[in-house]
Every structure is written in structure tokens, then in C-alpha cells.
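Enquirer: Below you'll find the structure I mean.
The values are calculated or read from the model by the stated rules, or taken from the named source; none is laboratory data. As the structure is a prediction and not an experimental result, all values here were calculated from the model. Cβ sites come from the backbone with ideal geometry, for glycine too, and all protein chains shown count toward neighbours.
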Amino acid sequence: MKKASVVFFTAVCIIGSATLGQTAVSQASHARSSPKSTNTIQQVLTADEARRLAMLHGDIAALDALLADDVTIFWGDGTADDKASTLALFRSGRLRYSQLEYHNTRVRAYGQTAVVTGQAHVKAQSDEHTLAYLVRQTRVYVRRKGRWRLVASQTTRVAPVP
């Protein structure tokens, strides 16, 4: 039962970012950003978009490269998964996204760490459950060996969507 619950909430809780064209960095952050921090924000958004596409298309190799080995993903029901169990959900086909759209995305960079927050519309199939939710999410990326990797993700369901 716990495994089914984890699978069910995986679709709700692992959310990728919207296309870069739909991503909005707050004007306040942008106005104070140096060229270096603006470049960092773009790098984080690029990594986040690559992760969103990997999840949307079930690209295990890409997802494996974008998740840190010590990633922790907190689901809406309070359970958590690590990298191996997250990849297993996609590899098995038990989790399949049909829509991952982010809105009101904000990136704040702190040296080698970046925090991404925003809302998302999610539609997915998790085992036998069809999911459609508006969610809020926080994702934390860390730059390791020159690459941005997801180290933490937490999602909260806001409301079901038709």
C-alpha cells in the first residue's frame, strides 16, 4: 500500500519546469543581478528544463544525469524517495507524464546553490490513477563538477484541475 501511495504521489510531486519561454524570473531579482548571476540563473533554468523534458518523455539516462546521487524528493503525502527509487518509477513505466507546465517560476542563486520555486499544472498516469493537479514546488540545485544537479524537491498539491 505504501508503494502504491508513493507511486501515486510521485506524479503529483516530481514536477519539471516549463519551457524557458514560459519561465519568469522575478524582476526584482533580475534588476539586482550581475551578469554572472544572470548567467547562473540561465544555467539553472536550462538544467531544470532538461529535467522536465526527461520526466515528460521518460528519458531515464537524462534524468539519471540531472539528479544528484544524494537527491531527496519529498512527495505530497510526506513520503520521500531517493535517486534509485525515483528512476525505478520511470523505468518501470508506473509513472508517465502527459503534461508538465510551470508558471511563476523564480530562481534565486546563492553561489553554488540555487532555489527554484513556482507553480505547475501536472497531468500524469501513476499505476491505475489518472492525476491532474495544480501544485506549488520548491527545487534545490547544486553545481557539482561544473553541472547543476537536483538535490532536493518538495511539492504541495493546491487543487485538482479538470
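Enquirer: State yes or no: is residue 133 among the aromatic types (Phe, Trp, Tyr) and under 14 Å from the mean Cα position of the chain (by Cα)?
Expert: Working: among the aromatic types (Phe, Trp, Tyr): yes; under 14 Å from the mean Cα position of the chain (by Cα): no.
No, not satisfied.
Enquirer: Now for a separate question. Looking only at residues in the stretch 65-108 that are surrounded by 21 or more Cβ atoms within 10 Å (Cβ to Cβ) and either among the small types (Gly, Ala, Ser) or within 24 Å of residue 162 (Cα to Cα) (or both), which one is modelled with the lowest pLDDT?
Expert: Top of the filtered list is 75.
Enquirer: Here's something else I'd like to know. Do we have any residue at all in the stretch 90-100 that's assigned to a helix (DSSP H, G or I), under 15 Å from residue 71 (Cβ atoms), without any contact (Cβ under 8 Å) to a residue 24 or more places away in the chain and not β-branched (Val, Ile, Thr)? Break it down into steps so the answer makes sense when it comes.
Expert: Our first condition is that a residue be assigned to a helix (DSSP H, G or I); within the stretch 90-100, this holds for 90-91.
When the remaining residues are screened for being under 15 Å from residue 71 (Cβ atoms), the result is 90.
Then keep just the ones that are without any contact (Cβ under 8 Å) to a residue 24 or more places away in the chain; that gives none.
For the stretch 90-100, residues assigned to a helix (DSSP H, G or I), under 15 Å from residue 71 (Cβ atoms), without any contact (Cβ under 8 Å) to a residue 24 or more places away in the chain and not β-branched (Val, Ile, Thr): absent.
Enquirer: So which residues in the stretch 109-162 are farther than 24 Å from residue 62 by Cβ and either outside any strand (DSSP E or B) or among the charged types (D, E, K, R) (or both)?
Expert: Within the stretch 109-162, 111, 128, 136, 157, 161, 162 qualify.
Enquirer: Spot the failing condition for residue 49; the list is (1) among the charged types (D, E, K, R); (2) crowded, with 16+ Cβ neighbours inside 10 Å; (3) over 14 Å from the mean Cα position of the chain (by Cα), and only one is missed.
Expert: In the conditions (1) among the charged types (D, E, K, R); (2) crowded, with 16+ Cβ neighbours inside 10 Å; (3) over 14 Å from the mean Cα position of the chain (by Cα), residue 49 misses (3) alone.
Enquirer: Now, a different point. Looking at the structure I just gave you, is residue 156 touching a residue at least 60 places away in the same chain (Cβ under 8 Å) and over 20 Å from residue 64 (Cβ atoms)?
Expert: It is true that residue 156 is touching a residue at least 60 places away in the same chain (Cβ under 8 Å) and over 20 Å from residue 64 (Cβ atoms).
Enquirer: Here's something else I'd like to know. Would you mention how many residues in the stretch 44-89 are in a helix (DSSP H, G or I), out of contact with any Lys or Arg (no Cβ under 9 Å at 6 or more places or on another chain) and of a type outside the set (A, V, I, L, M)?
Expert: Of the residues in the stretch 44-89, 7 are in a helix (DSSP H, G or I), out of contact with any Lys or Arg (no Cβ under 9 Å at 6 or more places or on another chain) and of a type outside the set (A, V, I, L, M).
Enquirer: Going through the stretch 37-65 one residue at a time, which ones are within 18 Å of residue 114 (Cα to Cα) and out of contact with any helix residue (DSSP H, G or I) (no Cβ under 8 Å at 6 or more places or on another chain)?
Expert: Here is the first cut: in the stretch 37-65, the ones within 18 Å of residue 114 (Cα to Cα) are 37-52, 65.
Once the filter is applied, which keeps residues that are within 18 Å of residue 114 (Cα to Cα) and out of contact with any helix residue (DSSP H, G or I) (no Cβ under 8 Å at 6 or more places or on another chain), the stretch 37-65 yields 37, 39, 40, 42, 43, 44, 48, 52, 65.
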